[in-house]
1. Using Cα positions and a limit of under 14 Å, work out the aspartates and glutamates in reach of Lys233, with same-chain residues fewer than 8 apart set aside.
2. Compute, for Arg604, the solvent-accessible surface of its heavy atoms (probe 1.4 Å) with the complete set of protein chains present, and express it in square angstrom to the nearest 10.
3. Where Rh is the Kirkwood radius over the Cα pairs of the range 234-392, the temperature 20 °C and the viscosity 1.002 mPa s, what D in µm²/s does Stokes-Einstein return?
4. Could you pull the accessible area for His240 with a 1.4 Å probe, rounded to 10 Å²?
5. Along the charge dipole of the range 1-78, Cβ charges K/R +1 and D/E -1, which of Tyr35, Tyr23, Pro78 sits furthest on the positive end?
6. Would you work out which of Ala522, Leu508, Leu465 lies farthest towards the positive end of the dipole of the range 463-523, given +1 charges on the beta-carbon of Lys and Arg and -1 on that of Asp and Glu, about the Cα centre?
7. Which percent of the accessible heavy-atom area of the chain goes to carbon and sulfur, probe 1.4 angstrom?
8. Could you state the angle between the C-alpha long axis of helix 232-242 and the longest principal axis of the C-alpha atoms of the chain, as a value from 0 to 90 degrees rounded to the nearest 10?
Amino acid sequence: MDKIKNRMNELIEIINKAIYEYYILDNPTLTDQEYDDAYTELQRLEKEYPELKREDSPTNRVGGEAVDSFKKVNHKTPMLSFDDIFNEEEIEDFDERIRKQVPSACYTLEPKMDGLSGSLIYEKGVLVRAATRGDGVTGEDITLNVKTIKSVPLRLTKDIDIEVRGEIYMSKASFEKLNKKNEAEGIKLFANPRNAAAGSVRQLDSKITATRDLDYMAYFIPNPEDYNIKTQKESIEFLHELGFATNIKLNGYGKNLKDIINYIEDLGKKRESLPFAIDGVVLKVDSLEDEKVLGFTARVPRWGIAYKFPAVQVLTTLKEIKYTVGRTGKVTPNAIFDPVHVDGSLVSKATLHNYDYIVSKDIRVGDVISIRKAGDVIPEVVEVKLDRRKDDSKETIMIDSCPICGSKLVKKDANHYCVNEHCDARHIESIEHYVSRDAMNIDGFGERIVEDFYNEGFVKSIVDLYHLDKYKKELMSMEGFGEKSITNLLDSIENSKSNSLERLLFALGIRYVGKKTAKILAMHYSTLDNLRNANYDELKNINDVGDVIAKSIVDYFNDEKNNSIINSLIDLGVNTKYLGKEINTESKVSGKTFVITGTLSKPRDVYKDELESLGANVTGSVTKKTDYVLVGDNPGSKYDKAKELGITIINEEEYNNLIL
Ligand code: IVH
């Protein structure tokens with residue numbers, strides 16, 4: 001038995017060393033075959049002698065049981081983030097502020113990794129828990145998922161208790177690979193590596209996370225004094241020694257403003273060629289003693305700041321203008337260009353909005369154009385490089401017939417429309433919209449699948465979705481489908497019948513009824529029938545509805561065809577009642593704590609309900625933990641307290657923008 005145990009330990013050592021060399025040092029010494037052999041042998045021994053299997057075995061990295069939801073965990077020390085700044089002037093202000101208190105301050109300068117922060121807790125050198133940042137106080141337990149990340153050591157080089165913080169991210173290469181795969185499968189693509197990392201780490205089934213090739217970069221120790229660390233630079237060195245991937249080689253050191261600017265410029269030049277996406281530079285006062293002097297505001301550390309790079313613009317050549325038709329019949333021109341890397345993702349398409357936009361910028365096929373992608377926003381064409389235009393270039397002329405059905409387009413305001421109600425493009429788009437995540441949220445329905453099902457004649461309208469089980473046999477014979485995926489899809493369709501009214505309302509695609517309006521209407525009317533019977537004046541008087549939306553709703557319900565679709569949905573058992581609060585954990589304010597004070601335009605409970613449905617907490621008194629204080633007229637002591645604690649104070653308008 002001892003011999004076997006020793007062999008297993010030996011194999012674990014070989015595998016861990018190989019993982020370390022490959023993922024952390026980028027310098028493998030074992031061949032793939034040797035690695036696979038060791039791994040298979042260990043797996044075999046663990047199966048034969050389960051009692052000898054070690055908790056920190058690298059075979060645990062394939063993921064375990066799926067969970068129903070993530071457990072909440074409280075962070076021992078709050079997981080804060082830094083304030084963002086965007087230009088040299090703000091860097092200068094920051095430096096000046098620091099020097100007022102610590103005249104001789106020096107900074108460590110680090111790439112700002114563009115992923116999501118993760119806290120790792122080790123006990124006696126073994127990884128015992130990993131958590132997301134959440135609202136900074138409470139995060140989610142993602143231990144099973146994080147264990148699948150190869151650059152996260154399951155065991156440190158020292159048997160110590162320590163919490164480590166860093167960024168969970170997806171390399172540009174893995175991101176592209178994942179999106180290619182998703183594209184082939186007709187699954188929605190991730191907008192950038194950050195979204196892909198966040199989506200992968202929040203999988204309830206860690207086996208899926210294991211396939212996603214995530215990475216971890218360590219950059220912070222919350223309690224450095226416990227390890228006799230005196231500077232941030234030493235923190236990084238210590239993390240490196242413990243076996244973590246760090247940016248030890250890319251990080252810089254700054255004694256003055258000039259050093260900082262030089263570092264930012266330098267890193268900006270390297271940005272494109274780095275294997276991971278970064279979105280700025282993090283400046284941290286190096287000496288931990290100095291950090292203590294500077295301390296914290298109510299929200300953020302005073303000893304550090306995050307400088308964000310301006311949105312990148314990249315030049316490319318416009319190859320083609322392709323027109324797509326939306327579910328309202330609106331025809332949108334899209335710029336198709338040679339693929340370029342922007343902000344960590346490969347893009348080859350940008351919206352041109354409408355023909356007026358093309359004319360205003362005089363955009364022509366063959367032009368050199370500059371593309372910008374800011375955050376999650378769809379890329380857009382910023383400008384045409386007129387000096388590089390070819391002599392024979394031709395002005396762009398708008399198409400006059402629908403690219404899908406050929407019927408004549410009609411111009412209304414700035415947009416062109418295909419008004420053929422039977423146009424395939426409109427039907428496909430409306431089905432895609434119906435099943436989408438914010439609408440009926442029917443899992444497993446990528447764009448390509450909707451198109452295939454439509455073309456095969458299985459789903460010609462949203463009503464057909466609920467008859468899809470008729471075609472189970474045919475579906476199973478389609479490429480890329482198996483018994484399990486079809487069953488999941490049909491289950492997901494069935495489950496959508498019990499969605500609350502606001503989802504259905506949004507899913508129906510009534511013009512101008514977005515997610516927020518659908519929610520307001522559902523809360524106001526409770527049932528679809530009440531809304532169907534509402535008249536224009538009544539609708540118009542609802543806060544946030546107004547003239548255009550009211551008219552559109554009335555028109556929608558006056559249409560016989562729409563009513564017949566709705567009646568069919570009702571007959572099929574689709575719920576048409578508002579089911580009360582549905583917590584949206586992905587909203588901007590999810591997990592944030594609000595206090596409401598003063599007289600607002602609506603009763604306070606309206607805001608409270610709205611915030612709670614968006615996943616925020618509303619409390620009665622202002623404390624350090626409050627994130628926002630929503631202030632109306634004549635606020636009292638809560639307002640003063642918020643000011644004293646430096647908590648963000650917002651008025652109604654700012655509130656409305658915040659929850660959008
Ligand atoms: S230190 C108190 N270092 O950017 C902040 N953060 O606002 C401790 N980030 O939420 C974090 N690269 O997710 C730190 N080198 C780096 C970072 C970094 C990226 C993220 C982090 C944090 C935000 C900073």
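The values are calculated or read from the model by the stated rules, or taken from the named source; none is laboratory data. This structure is a prediction, so every number in the text was calculated from the model and none was measured. In this analysis, Cβ positions are derived from the backbone assuming ideal geometry, glycine residues included, and neighbour counts consider all displayed protein chains. Keep in mind that these areas ignore ligands, DNA and RNA; they rest on the heavy atoms of the full protein, side chains included. Shrake-Rupley method; radii C 1.70, N 1.55, O 1.52, S 1.80 Å.
1. Glu110, Glu225, Glu241, Asp286, Glu289, Asp290, Glu291
2. Using a 1.4 Å probe on the heavy atoms, I get roughly 120 Å².
3. On the way: Rh = 19.2 Å.
It comes out at roughly 112 µm²/s.
4. Its accessible surface works out to 70 Å², give or take rounding.
5. Value computed over the given set: Pro78.
6. The residue sitting most towards the positive pole is Ala522.
7. Values: 16330 of 33680 Å².
Using a 1.4 Å probe with all protein chains present, the chain comes out at 48 percent carbon and sulfur.
8. With rounding to tens, the tilt is 80 degrees.
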